[in-house]
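See structure below.
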Amino acid sequence: MRKYFFYIVIMSIVAIVIGILSFLIGNETGAPSIATAAASGAFSGVAMAFAHEFGRNDAGASFDGKKLAVTIIAGLVGCFGGLMMGL
């Protein structure tokens, strides 16, 4: 797990920020939704995890399923960005 620490941190931070920004954008339009912000944070985190792994594969690296699983879990932490805005 130490090997993947920075992947976890970066994926989590970016996904949380996207969740927060989703809530703030919804707030500006007059329809803030905590559930939508949480879902967008989680979906963006999972999408980043897949994009990172498949981008590595296109560059010639071998598939690393454990790294993909860890980054998907880190991406799902992005739902806390939307939940934090509801507190």
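One table, with the values for the structure above:
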item	result
Over the chain, relative contact order from alpha-carbon pairs under 8 Å, at least 6 apart, %	45 percent
Dipole magnitude of the chain about its Cα centre (Cβ charges: Lys, Arg +1; Asp, Glu -1), debye to nearest 20	340 debye
Mean Kyte hydropathy of 0.0 or more with a Cα span along the axis of at least 18 Å, helices from DSSP in the chain	5-29, 34-58
Inter-label distance for LEU87 and LYS3, nm, one decimal - labels placed 7 Å from Cα along Cα-to-Cβ	3.4 nm
Directionally averaged shadow of the range 1-48, computed from the convex hull of its alpha-carbon atoms, nm²	3.2 nm²
Per residue accessible area of the chain, 1.4 Å probe, in Å²	60 Å²
Accessible surface of the chain [probe 1.4 Å, protein heavy atoms]: carbon and sulfur percent	74 percent
Ranked by how many other beta carbons lie within 10 Å on average, peptides 6-18, 36-48 from highest	36-48, 6-18
Listed residues LEU24, LEU83, PHE5: farthest to the positive end of the dipole of the chain (Cβ charges)	PHE5
Entry for Cα Rg over 2.2 N^0.38 Å (calculated from the structure that is shown) out of (i) 1.07; (ii) 0.96; (iii) 1.17	(iii)
Sites LEU24 and ARG56, calculated FRET efficiency, Cβ-Cβ separation with R0 35 Å, nearest 0.05	0.65
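The values are calculated or read from the model by the stated rules, or taken from the named source; none is laboratory data. The shown structure was predicted, so the numbers you read here are calculated from the model rather than taken from an experiment. Please note: Cβ atoms are built from the backbone with ideal geometry, for glycine as well, and neighbour counts cover all protein chains shown. What goes into the accessible areas is simple: the full protein's heavy atoms, side chains included, and nothing from ligands, DNA or RNA. Shrake-Rupley method; radii C 1.70, N 1.55, O 1.52, S 1.80 Å.
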